[in-house]
Amino acid sequence: MYDPIEYFDEMQILKSEKEKRVKLSKKMKKMVENFFVKQLAAILAGAFLHTISSEDFKEELFDIYITMMSQADKSLASDKEVSAKAQRFAEYIEETTEKTYQKATGNGRFELSRQIGVAMLKEDIPDVINKVLSPERALEIALNETNWIYNYIQHQNIKASGQLTHTWLSQEDERVRPSHAAADGQTVPIDQPFIVGGYQLLFPGDDSLGADIKETILCRCVEV
């Protein structure tokens, strides 16, 4: 797994931009990690999806995203596209955790003891649940979403500049996924999305038009 300095240092962006992303990703990792600690405590206490609901968790994740965007660019924190992204983020993270929990506790359904909020012992927590609530996953989320935040800011800046087209640039190394290497140099009108791996993306990491996670997760490509 990357550390933030290594990950962002590989991207074709200015040093000052790398420093911003490193700083924000570290803050976001800490916030998500703390959120996961609270979720694990809720599981141990028998409160997970019992006295603390799915919507409660999603609301907290939504707030984390908006807080991070506010620190990156306060003027965009109330943007409707940012709000929509924060909602997708909250739903994806929480639904992944819940599906993992459900699968680990009985064939896609919660065990009766979990449904009525019975506490668990730490040693009873399946490894798959510990993994989905791990610091490593928090880091991956932070790197990925920091990129979305700053790539979105870059996209808005390009549009505001009056530039008529935008271009996709891949990292051009051995870890670039084939679909992103194939998109390298693709130039389209500024109001049109790139076509990457058969999906539409307005900028690297964009998921607003339904791009599969395989085309967005931990992408190091940039838009110019």
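The values are calculated or read from the model by the stated rules, or taken from the named source; none is laboratory data. Source: prediction; values computed, not measured. When we count neighbours, we look across all protein chains shown, and the Cβ atoms used for this are built from the backbone with ideal geometry, even at glycine. Heads up: the accessible areas ignore ligands, DNA and RNA and are worked out on the full protein's heavy atoms, side chains in. Shrake-Rupley method; radii C 1.70, N 1.55, O 1.52, S 1.80 Å.
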Legend entry - Residues satisfying the stated conditions in segment 169-193, i.e. open to solvent by 50 Å² or more (accessible area, probe 1.4 Å) and part of a helix (DSSP H, G or I): 178, 181, 182
Inset, instruction - Determine which single condition residue 166 fails, assuming it passes every other condition in (1) surrounded by 13 or more Cβ atoms within 10 Å (Cβ to Cβ); (2) within 24 Å of residue 6 (Cα to Cα); (3) not β-branched (Val, Ile, Thr). - result: (2)
Inset, instruction - Find all pairs meeting these conditions: Cβ atoms under 9 angstrom apart; at least six residues apart or on different chains; first residue within segment 32-58 and open to solvent by less than 20 Å² (accessible area, probe 1.4 Å); second residue among the basic types (Lys, Arg) and at pLDDT 95 or above. - result: 32/137; 36/137; 57/38
Inset, instruction - Test residue 166 against the criterion of being in a strand (DSSP E or B) and over 22 Å from residue 71 (Cβ atoms), and give yes or no. - result: yes
